[in-house]
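Notes for the one structure printed next.
The values are calculated or read from the model by the stated rules, or taken from the named source; none is laboratory data. These figures come from a predicted structure and were not determined experimentally. Every residue, glycine among them, receives a Cβ derived from its backbone with ideal geometry; neighbour counts consider all protein chains shown. Surface areas here come from the heavy atoms of the whole protein model, side chains and all, with no ligands, DNA or RNA. Shrake-Rupley method; radii C 1.70, N 1.55, O 1.52, S 1.80 Å.
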Amino acid sequence: MGGRQRPPRARNPRQGRPAGAGRRADSRVGLARIEGFLAWEAEVAAAERDARAFAGQFPWLPAAEREGLEQAYTADRLRYAEEVVDRAVERCRRLAARYRSECRRICTRWAALCLSVTIAAALFAVVPAALRG
């Protein structure tokens, strides 16, 4: 087969973390990259295997044409796989942004509730004392 396409782009880890704080995150990123690399290599191997099986259905083709058919099949399948991965990554990014937004909204509401309860408790403690005095 011709050269392999590159695996889908990985996101760069965050920059500017305090020293030592990112070791665990860095190891997770490293493991995720290795896992992604292995998954991509498995996809490439499966695409090549399926391309050989597909081209094998045409035994009357000359070897050079069959090899060209295998390369075209493999390239098309890997292009499709990369598009699937890119769509999944984009969906994950959109969901992460949505969840961050929801978390901020919930935290804001919770802080407002806590502040309201604190002010109400303070008023209930101060008002009766002021009315008696």
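Of interest is the spacing of the C-alpha centroids, which for region 27-41 and region 59-104 amounts to 17 Å.
For the set F58, F124, the ranking by accessible area, highest first and with no ligand, DNA or RNA atoms included, is F124, F58 under a 1.4 Å probe.
Could you work out how much longer the chain between V127 and R109 gets when fully extended? Use 0.36 nm per residue separation minus the Cα distance between them, nm to one decimal.
So the extension gain works out to 3.9 nm.
Provide the FRET efficiency to the nearest 0.05 for the Y80-S101 pair, computing r from the beta carbons and using R0 = 22 Å. E between Y80 and S101, to the nearest 0.05, is 0.10. The simple Förster model, with R0 at 22 Å and r as the Cβ-Cβ distance, assigns Q71 and L38 a FRET efficiency of 0.45.
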